[in-house]
Amino acid sequence: DRIVPSVGGGVCQGSSTLYSAILRTGLTVVERHQHGLTVPYLPPGEDATVAGDYLDFRFRNNRKTPVLIVADAQKRHMVVKIMGTSAGPDISVHHKILAIYPFKTIVRYRSDLKPGEEKILAPGQDGVRVQNWLEIKENKGGVIKQLGIDRYRPSPRIMERSRASMQRPDGVPGHP
C-alpha cells in the first residue's frame, strides 16, 4: 500500500464542496462516487470524487425555477452557494461512524540514516465506515432521507529507520 503523488486532488475539492452544498438544497443527486480515502476538508460521507470521463458528479435541478451556483476559492478554502427564488426546506446533513479501520505501520530500514534516526514519509490515516442521512424539516414536520453507507480504506503510516535500530533475535542491535 502506498500513496503516489499524481495530478489531481484540486478538482475533487470543487466537486465535493458542490456536493455538500447540493445536499443542503434538496436538489436531486443523480451520480456521486466517494473517494477511496477520507478527505481533510469535509466529513466522511460528504465528498464526491471525479476522474476523467468515468467518475462524475451529476445532479438535477428538481425545482420549477433556475438556480444560480456561485463558487469561490481562496488559498485552501472553497465556498459554494446555491441560490434560487425560494428558500426550500431546512436540511441538515448527518454522519455516524459505524466502524474505524486502524492504519498499519510500514517500516523500511535504511543504512544511510544515523542510529536512532527515523523519518515519517506518510502519517497514516484510519479508514472508516460511515452512515449518512439528511434531516429535512418542513412546515408539517421532519423527514429522514437515508443517503447510504460509505467505506473509506485506511492508509498506512510509512516510516524509515536507521538499519542500526534493527534488533537481532538475541536483542543485540544490528541487522538480523
Helical mean residue ellipticity (222 nm; -39500 (n - 2.57) per DSSP H run of 4+; nearest 500) of the chain: -2500 deg cm²/dmol
Write down the Å³ per residue value for the convex hull defined by the alpha carbon atoms of the range 49-148. 221
Here are several values of mean projected area of the Cα convex hull in nm²: [x] 14.4; [y] 11.2; [z] 18.2. Which one was derived from the coordinates shown? [x]
Under a plain spin-label model, where a point goes 7 Å from the Cα along Cα-to-Cβ, how far apart in nm are ILE144 and ILE106? 4.0
Could you tell me the number of lysine pairs in the chain with C-alpha atoms less than 27 Å from each other, where the two lysines are 8 or more residues apart or belong to different chains? 15
Amide H of HIS35 versus every other amide H placed in the peptide plane: which residues, excluding those fewer than 5 positions away on the same chain, fall under 5 Å? THR49
Contact order relative to length for the chain, counting C-alpha pairs under 8 Å separated by 6 or more residues, stands in percent at 21
Nearest 10 degrees, 0 to 90: helix 10-23 Cα axis against the chain principal axis: 40
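Values in this text are rule-based calculations from the coordinates and carry no lab data. Small disclaimer: the values here were computed from a predicted structure and weren't measured. When we count neighbours, we look across all protein chains shown, and the Cβ atoms used for this are built from the backbone with ideal geometry, even at glycine.
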